[in-house]
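Worksheet: the structure to be examined is printed underneath.
The values are calculated or read from the model by the stated rules, or taken from the named source; none is laboratory data. Computed from a predicted model, the values in this text were never measured in an experiment. Methodologically, a virtual Cβ is constructed for each residue, glycine included, from the backbone with ideal geometry; neighbour enumeration extends over all protein chains shown. Quick note on the areas: whole protein, heavy atoms, side chains included, nothing else; ligands and nucleic acids left out. Shrake-Rupley method; radii C 1.70, N 1.55, O 1.52, S 1.80 Å.
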Amino acid sequence: MKNGSKAATHRRNRLLAALELEDFSWLEPHLEIVDLPRGKVLFEVGEPIRHTYFPHDAIVSLLTVLRSGGSVEMAVFGREGALGFISALVTRQSFGRYITQIPGTASRVSLERLNEGVAERPKLRHAMFRFTEAFLAQTLQTVACNAVHSVEARCCRSILTTRDRTDRDELPLTHETLAEMLGVQRSTVSSVTSALQKAGLIVQGRGTIRITDRQGLEATVCECYRTICESFERLLPGALRRD
């Protein structure tokens with residue numbers, strides 16, 4: 001892949017695209033493009049974090065692994081940001097399982113190199129900390145959402161945010177993936193998506209969900225979807241742009 005093509009691929013990640021040119025030029029030689037197939041575990045609980053990933057079209061979930069063997073999604077990462085930076089600020093140990101939910105590619109850089117840039121380059125540091133604030137706002141909003149909103153509204157939020165991160169109406173979302181994202185039984189997801197299909201908002205295929213009425217989904221989703229989008233727009237304009 002030519003250098004120009006590599007740079008364009010790296011900048012498919014909107015956090016990298018938002019960097020000042022001199023900061024991106026400093027970081028670019030240390031970035032590598034990696035494939036993230038569905039189900040790939042990037043970090044397991046307690047493992048040392050040695051790299052930061054900037055997804056292009058892949059979506060990665062951060063899961064809390066319970067003693068029972070079950071898991072619940074704590075956070076989600078897509079092209080709007082980076083993973084393996086915030087959770088490595090002090091201990092550099094993963095406090096959850098990072099697993100690819102939607103396959104794709106990402107740009108990867110060693111944590112040591114990124115931390116060097118954050119320490120020495122104020123604009124790069126500012127960009128990473130703006131993302132950190134937006135990510136924390138998203139995480140806290142999600143905690144509130146999980147506590148008070150219906151599974152149907154939360155399912156709509158997951159479908160819409162996946163659409164925003166991939167720019168595709170046909171999404172490779174299985175009932176198993178949604179159940180893991182929402183922290184509910186697969187049978188519950190089946191009931192909810194069947195109701196959304198009957199309402200004409202989506203069409204289910206084998207391992208896919210196709211959005212047929214985005215406005216209808218936005219009317220059904222809880223307020224948290226817009227609140228999270230607004231937080232990112234304030235701190236990282238265009239990062240979660242809804243096309």
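Pairs, please: C-beta under 6 Å, at least 6 apart or cross-chain, first residue in a loop (DSSP other than H, G, I, E, B) and in region 6-25, second among the small types (Gly, Ala, Ser) and open to solvent by 10 Å² or more (accessible area, probe 1.4 Å)?
Arg11/Ala17
One line per residue, one yes/no per condition, for (1) modelled with pLDDT under 95; (2) open to solvent by less than 40 Å² (accessible area, probe 1.4 Å); (3) under 18 Å from the mean Cα position of the chain (by Cα):
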| residue | (1), (2), (3) |
| --- | --- |
| Leu16 | no, yes, yes |
| Phe24 | no, yes, no |
| His30 | no, no, no |
| Leu36 | no, yes, yes |
| Glu44 | yes, no, yes |
| Pro48 | yes, no, no |
| Tyr53 | no, yes, yes |
| Leu63 | yes, yes, yes |
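Name the residue, out of Glu47, Glu73, Glu120, that is charged (D, E, K, R) and without any contact (Cβ under 8 Å) to a residue 24 or more places away in the chain.
Within the list Glu47, Glu73, Glu120, the selection yields Glu120.
Which numbered condition trips up Arg67, out of (1) part of a strand (DSSP E or B); (2) without any contact (Cβ under 8 Å) to a residue 12 or more places away in the chain?
The one condition Arg67 does not meet is (1).
Within the bounds of region 123-146, is there any residue that is part of a strand (DSSP E or B), open to solvent by less than 10 Å² (accessible area, probe 1.4 Å) and of a type in the set (Phe, Trp, Tyr)?
no
Would you confirm whether or not region 69-77 contains a residue that is farther than 18 Å from Thr142 by Cα and in contact with a strand residue (DSSP E or B) (Cβ under 6 Å, 6 or more places away or on another chain)?
Among the residues of region 69-77, not one is farther than 18 Å from Thr142 by Cα and in contact with a strand residue (DSSP E or B) (Cβ under 6 Å, 6 or more places away or on another chain), which makes the answer no.
Within region 179-200, restricting attention to residues that are of a type outside the set (A, V, I, L, M, F, W, C) and outside any helix (DSSP H, G or I), which residue is surrounded by the fewest Cβ atoms within 10 Å (Cβ to Cβ)?
Within region 179-200, the match that is surrounded by the fewest Cβ atoms within 10 Å (Cβ to Cβ) is Gly200.
Does region 205-218 include one or more residues that are touching a Pro at 6+ places or on another chain (Cβ under 7 Å), at negative phi and hydroxyl-bearing (Ser, Thr, Tyr)?
Within region 205-218 (the criterion being touching a Pro at 6+ places or on another chain (Cβ under 7 Å), at negative phi and hydroxyl-bearing (Ser, Thr, Tyr)), the answer is yes, since at least one residue qualifies.
Tell me, which residue of region 147-173 that is outside any helix (DSSP H, G or I) and not hydroxyl-bearing (Ser, Thr, Tyr) is surrounded by the most Cβ atoms within 10 Å (Cβ to Cβ)?
Leu173
Is it fair to say Glu176 is touching a Phe, Trp or Tyr at 6+ places or on another chain (Cβ under 8 Å) and either touching a residue at least 60 places away in the same chain (Cβ under 8 Å) or not in a loop (DSSP other than H, G, I, E, B) (or both)?
For Glu176, the condition - touching a Phe, Trp or Tyr at 6+ places or on another chain (Cβ under 8 Å) and either touching a residue at least 60 places away in the same chain (Cβ under 8 Å) or not in a loop (DSSP other than H, G, I, E, B) (or both) - is not met.
Please go through region 201-213 and pick out each residue that is open to solvent by less than 50 Å² (accessible area, probe 1.4 Å) and either outside any strand (DSSP E or B) or charged (D, E, K, R) (or both).
Hits for region 201-213 are Leu201, Gly207.
Restricting attention to region 214-228, report how many residues are touching a helix residue (DSSP H, G or I) at 6+ places or on another chain (Cβ under 8 Å) and either surrounded by 19 or more Cβ atoms within 10 Å (Cβ to Cβ) or of a type in the set (S, T, N, Q) (or both).
7
Which residue, of Gly78, Gly70, is open to solvent by less than 60 Å² (accessible area, probe 1.4 Å) and modelled with pLDDT under 90?
Answer to the check: Gly70.
Identify all residues within region 90-110 that are under 19 Å from the mean Cα position of the chain (by Cα) and aliphatic (A, V, I, L, M); write none if there are none.
Matches in region 90-110: Ile99, Ile102, Ala106, Val109.
Would you pick out the residues in region 82-105 that are open to solvent by less than 10 Å² (accessible area, probe 1.4 Å), within 21 Å of Val45 (Cβ to Cβ) and either at pLDDT 90 or above or part of a loop (DSSP other than H, G, I, E, B) (or both)?
Matches in region 82-105: Ala82, Leu83, Gly84, Phe85, Ser94, Gly96, Tyr98, Thr100, Gln101.
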